[in-house]
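Encoded as structure tokens, the structure appears first; notes follow it.
The values are calculated or read from the model by the stated rules, or taken from the named source; none is laboratory data. Predicted, not measured: the structure shown is a model, and the values here were computed from it. A quick note on method: Cβ atoms are made from the backbone with ideal geometry, for glycine too, and the neighbour counts reach across all protein chains shown. Calculation scope for accessible area: heavy atoms of the full protein, side chains included, ligands and nucleic acids excluded. Shrake-Rupley method; radii C 1.70, N 1.55, O 1.52, S 1.80 Å.
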Amino acid sequence: MKYREYFINPFVVGAVFGIITGNPSLGLVVAGFTALIWGLEPGMNFITLTTILLVILTGNINMELIFLYSLTLAYFIREGKVLKILDKKTAYVLLFFISTGCYFLWKFILGLIPVQLLNEINISGEILLTAGLLLSFVRGKELIGDSPRKFLKHILVILTAVIAIKGSWFFVGAWFFGNFILSYLIYHDIKFQPPPFFLLGVLGLLTLIAIYYLLPLNPVIILTFLTGSIYFIKKYRERVPIMETVYVAFFLGILAGRMGLLS
């Protein structure tokens, strides 16, 4: 693992930027959401920084809507749907400044949204988080047949994201200590190949603990996770459709909030 990856990722960037902007808890939550939903892939810091700064500049009115906006922009850049003439890094930087520079438009738009709908969007964050855990579970399952070290790195990302979303600064120790162990294994070329069912059990147990730790024990959340897991495992073998999953979760969360199934 490259040493710069220890620091140039949502966990560290989000925490530091949250402290600088005076809202460290927001930095941790956004970092955790980004890591679970997007993963540690190019565009991760764009999502993290854009969401944190826009939420703060708009007066903390709604994180979920702005996170969805940042995530969508990152997806469009990654897929080459916008700013094709620029390399992706330049596109991320440019859209970061454009997005945050237009914060007054966001304040205007958010001010037009009825309070009840804003509350329902806030409630939808629970299903959005469920979608993040679902995406992480499916990604982890696909890594079981790959390098065991990649699987362990994925487990570390999930664990660190859960601790960060909970608002605990223990995520710092988890992230750096976990990477130290992985670097040690790589440096000493320690080989290990646990049976696939064991790795799947570890992934499943960690995901269940994360759901219990972060979310209320609500039938809607449990049903959403189980249904989504079965569907994705059966249908998708390569790239899991991030945006489809996130938008379905977003609108499902609003609907569940409106029906009184989530509060």
Task: Criterion violated by VAL55 - all others in (1) among the β-branched types (Val, Ile, Thr); (2) more than 23 Å from ARG149 (Cβ to Cβ); (3) at pLDDT below 95; (4) part of a helix (DSSP H, G or I) satisfied - done: (3)
Task: Filter result (modelled with pLDDT of 75 or more and open to solvent by 80 Å² or more (accessible area, probe 1.4 Å)) within the range 213-226 - done: TYR213
TODO: Could you give me the residue pairs with C-beta distances under 8 Å whose first residue belongs to the range 169-181 and is free of Cβ contacts under 8 Å to residues at least 60 places away in the same chain and more than 15 Å from PRO10 (Cα to Cα), whose second residue is of a type in the set (Ser, Thr, Tyr) and open to solvent by less than 100 Å² (accessible area, probe 1.4 Å) wherever it lies, and which are 6+ apart or on separate chains?
DONE: GLY178/THR160
Task: Flag if TYR69 is open to solvent by 40 Å² or more (accessible area, probe 1.4 Å), in a helix (DSSP H, G or I), within 24 Å of GLY111 (Cβ to Cβ) and in contact (Cβ under 8 Å) with a residue 24 or more places away in the chain - done: yes
Open item on the list: Residues that are in contact with a helix residue (DSSP H, G or I) (Cβ under 9 Å, 6 or more places away or on another chain), over 26 Å from VAL138 (Cα atoms), buried (at least 23 other Cβ atoms within 10 Å of the Cβ) and modelled with pLDDT of 95 or more: does the range 40-48 have at least one?
Closed with: no
Task: Number of positions in the range 237-259 that are in a loop (DSSP other than H, G, I, E, B), open to solvent by less than 60 Å² (accessible area, probe 1.4 Å) and either closer than 17 Å to ILE121 by Cβ or at pLDDT below 75 (or both) - done: 1
Task: Matching entry among THR50, THR72, THR90 (being more than 21 Å from the chain's Cα centre (by Cα) and hydroxyl-bearing (Ser, Thr, Tyr)) - done: THR90
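Okay, residues lined up against (1) open to solvent by 60 Å² or more (accessible area, probe 1.4 Å); (2) part of a helix (DSSP H, G or I); (3) small (Gly, Ala, Ser):
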residue: PHE151; (1), (2), (3): no, yes, no
residue: ILE155; (1), (2), (3): no, yes, no
residue: VAL162; (1), (2), (3): no, yes, no
residue: GLY167; (1), (2), (3): no, no, yes
residue: TRP175; (1), (2), (3): no, yes, no
residue: ASN179; (1), (2), (3): no, yes, no
residue: SER183; (1), (2), (3): no, yes, yes
Open item on the list: Can you tell me which residue is nearest to LEU182 (Cα to Cα) among those in the range 1-19 that are assigned to a helix (DSSP H, G or I) and aliphatic (A, V, I, L, M)?
Closed with: VAL12
Task: Residue pairs meeting the criteria (Cβ under 8 Å; at least 6 apart or on separate chains; first charged (D, E, K, R), in the range 111-126; second open to solvent by less than 30 Å² (accessible area, probe 1.4 Å) and in a helix (DSSP H, G or I)) - done: GLU120/GLY253; GLU120/ILE254; GLU120/GLY257; GLU126/ILE221; GLU126/GLY253
Open item on the list: Quick test for you: out of GLY22, GLY111, GLY80, pick the one residue that is out of contact with any helix residue (DSSP H, G or I) (no Cβ under 7 Å at 6 or more places or on another chain), part of a loop (DSSP other than H, G, I, E, B) and open to solvent by 50 Å² or more (accessible area, probe 1.4 Å).
Closed with: GLY22
- [ ] Evaluate the following for MET63: is it in contact with a Leu (Cβ under 8 Å, 6 or more places away or on another chain) and open to solvent by 20 Å² or more (accessible area, probe 1.4 Å)?
- [x] yes
Task: LYS89 at pLDDT below 95, farther than 20 Å from ASN23 by Cα, not in a helix (DSSP H, G or I) and not polar (S, T, N, Q) - done: no
